[in-house]
Amino acid sequence: MPQPKFAFGPFQLLPVQRLLLKRGKPVALGSRALDVLIALVECAGATVSKEQLIARVWPDTVVEETNLRVHIATLRKALGDGRGGRRFISNIAGRGYCFVAEIDHQHGQPAPSERATEPSLALPDKASIAVMPFHNMSGDPEQEYFADGMVEEIITALSRISWLFVIARNSTFTYKGRSVDVRQVGRELGVRYVLEGSVRKADQRVRIAGQLIDAFTGAHLWADRFDGSLEDIFELQDKVAVSVAGVIEPTLLDAETRRSTERPTSDLTAYDLYLRAVGPIDAGGIGREQILHSLDLLGEAIDRDPRYGLALGAAALCYQALHIAGWISEPDAKRLEALSLAHRALTVAGDNARVLGQVARVLGYFGEDLPGAIALMDRALTRNPSFARGWQWSGWLRLWAGQPDVGIGHLETSMRLNPLQWRGDFYLGIGVGHFLARRFEDASACLLLSLQENPTWVPTYRFLASCYAHLGRFDEARETVTRLRTLTNEVVPSATHWRNPEHRELYLSGLRSAAGETTFSTHLRRSHSRPPPDDRGG
């Protein structure tokens, strides 16, 4: 039986295959956003109420309307709604949404094999791989962190290969402890290849076993094992990376993966301390006590190896997080400590993309040369274009520089590289970008999603309170400030890291009003209706 297709503008929507194409190429959309689009397109020209959309997309589930608004905003961005005067989705005030573009109804019958292998995420335009959590074969649960650190180092080694698209660690680690078909992994992460493996550690010996699998066919392309002493652990990691790269691209020059790079440290105890410090934070543990505990561990690592760049940079980032949340005594002294750590990290960074990114974020936040910090971050991303956390940090630097739409774009790149990552900081950054561009409804929806991921992060409450004030929702603004006061004594910060004076005043004026420190002026009430500055050109 012929299957329906809907063509509009440069797009084709194939509901049965659950696929949106733009000029023949797949567009990456989450499953909920795709459900919303299908519901609107099937009722094109008619208003679909918010209640109807929620009932269809989230059946038998209680969700807030903000979830729907976030997916509508995602669709508008993916479709380029409003660019060049072209409209696709219209908001019918007080009622719902309407798909307003002209639709050409088509029919076609794709081959069953095509439907079976279609990935949920479009494949990148280059070779792509996900490195799954390695099994800890040591029989000691305490060695889990060692196996996890091994995977992170192999991901880093593979990411140095410029033509290879590497999924970030946090996404692949959502499969840890689960038995999952590699073809499912390929569809969910949008990759062609999956690397599985195990680590066995006994006394001063270690064995790494790995196998490379084609995520479309399930075929095993390569398998090998590597034995060595703990002193040679980094050499073993490079051997695995070289072997995998050679299978994916036989013509790869040996120099591509055998480039000389500085090792993070030769002290394995310092390395263990570093992994224990950053693991919980990378997974979303950014509460005050967790950050302080991580600082203690990083301090021990630095004591053992004062030139350990990753530990120096991570410690500087911890001070920056405590500073922005108002969780620190003697903030001026801690600012100087963070800058000192960052400069020490930079002197030993070499071309280590993560260290360069750590330093760039800290220097950018604490008021030193922001264009220089952005250039440093760009250097890190040139060195490692698959560095998901680097794109996330770069997004924040762009937001601080007064470029909200560029910042949103960099955050979205981070999410594509790490689609299953903890999303609290992602939703916060996207929400702040919308706020600075005066898209307050979209901003509040994203900020609420961020709070669902991390209900104790101070900056989210600050921006949400300011956002509510600019929307005229003063009861909600005051309620948000009440919750904010339970987390920090610093309700209204200096916010000097926001370099655009207009953006800084937009943020602080709303926050002061929500906190009852000033009366919202008529001028400020009107400010949200002005068109945002055009920063899309960079």
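Residue check: is residue 381 hydrophobic (A, V, I, L, M, F, W, C), in contact with a Gly (Cβ under 6 Å, 6 or more places away or on another chain), touching a residue at least 24 places away in the same chain (Cβ under 8 Å) and surrounded by fewer than 24 Cβ atoms within 10 Å (Cβ to Cβ)? Step through it out loud before you land on a result.
On the way: hydrophobic (A, V, I, L, M, F, W, C): yes; in contact with a Gly (Cβ under 6 Å, 6 or more places away or on another chain): yes; touching a residue at least 24 places away in the same chain (Cβ under 8 Å): yes; surrounded by fewer than 24 Cβ atoms within 10 Å (Cβ to Cβ): yes.
Against the criterion (hydrophobic (A, V, I, L, M, F, W, C), in contact with a Gly (Cβ under 6 Å, 6 or more places away or on another chain), touching a residue at least 24 places away in the same chain (Cβ under 8 Å) and surrounded by fewer than 24 Cβ atoms within 10 Å (Cβ to Cβ)), residue 381 qualifies.
Please count how many residues of the stretch 384-394 are in contact (Cβ under 8 Å) with a residue 40 or more places away in the chain and assigned to a helix (DSSP H, G or I).
As a first pass, look at the stretch 384-394 and keep what is in contact (Cβ under 8 Å) with a residue 40 or more places away in the chain: 384-389.
Narrowing further to those that are assigned to a helix (DSSP H, G or I): 388-389.
Residues in the stretch 384-394 being in contact (Cβ under 8 Å) with a residue 40 or more places away in the chain and assigned to a helix (DSSP H, G or I): 2 in total.
Of the residues that make up the stretch 111-122, is at least one modelled with pLDDT of 70 or more and surrounded by fewer than 18 Cβ atoms within 10 Å (Cβ to Cβ)?
No.
What residue, of 440, 435, is assigned by TED's automatic domain parsing to the domain that holds residue 489, touching a residue at least 24 places away in the same chain (Cβ under 8 Å), touching a Pro at 6+ places or on another chain (Cβ under 9 Å) and of a type in the set (Phe, Trp, Tyr)?
Values: 440 fails: touching a Pro at 6+ places or on another chain (Cβ under 9 Å).
Residue meeting the stated conditions: 435.
Only one of these is modelled with pLDDT under 65, more than 12 Å from residue 158 (Cβ to Cβ) and not in a strand (DSSP E or B): 217, 251. Name it. Working first, answer last.
Numbers: 217 fails: modelled with pLDDT under 65.
Going through 217, 251 in turn, the sole match is 251.
For residues that are in a helix (DSSP H, G or I) and among the charged types (D, E, K, R), scanning just the stretch 129-176, find the one that is surrounded by the most Cβ atoms within 10 Å (Cβ to Cβ).
My answer is 169.
Could you grab me the full set of residues in the stretch 418-442 that are assigned to a loop (DSSP other than H, G, I, E, B) and at pLDDT below 90?
Within the stretch 418-442, the first condition is being assigned to a loop (DSSP other than H, G, I, E, B), and the residues that meet it are 418-423, 437-439.
Result: 418, 419, 420, 421, 422, 423.
Let's see how each residue does on (1) within 19 Å of the chain's Cα centre (by Cα); (2) under 26 Å from residue 80 (Cβ atoms); (3) surrounded by fewer than 20 Cβ atoms within 10 Å (Cβ to Cβ):
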| site | (1), (2), (3) |
| --- | --- |
| 409 | yes, yes, yes |
| 419 | yes, yes, no |
| 422 | yes, no, yes |
| 436 | no, yes, no |
| 452 | yes, no, yes |
| 467 | no, yes, no |
| 472 | no, no, yes |
| 476 | no, no, yes |
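Suppose we filter 7, 39, 55 for residues that are more than 18 Å from residue 91 (Cβ to Cβ), in the same structural domain as residue 92 (by TED's automatic domain parsing) and without any contact (Cβ under 8 Å) to a residue 24 or more places away in the chain; which single one remains? Reasoning before the result, please.
Values: 7 fails: without any contact (Cβ under 8 Å) to a residue 24 or more places away in the chain; 39 fails: more than 18 Å from residue 91 (Cβ to Cβ).
Within the list 7, 39, 55, the selection yields 55.
For residue 498, which of the numbered conditions (1) assigned to a loop (DSSP other than H, G, I, E, B); (2) buried (at least 24 other Cβ atoms within 10 Å of the Cβ) fails to hold?
Only one criterion in (1) assigned to a loop (DSSP other than H, G, I, E, B); (2) buried (at least 24 other Cβ atoms within 10 Å of the Cβ) is unmet by residue 498, namely (2).
For the stretch 436-456, name all the residues that are of a type in the set (Ser, Thr, Tyr) and touching a Phe, Trp or Tyr at 6+ places or on another chain (Cβ under 9 Å).
Residues satisfying the conditions are 444, 450.
The values are calculated or read from the model by the stated rules, or taken from the named source; none is laboratory data. In this text, all values refer to a predicted model and were calculated from it rather than measured experimentally. A quick note on method: Cβ atoms are made from the backbone with ideal geometry, for glycine too, and the neighbour counts reach across all protein chains shown.
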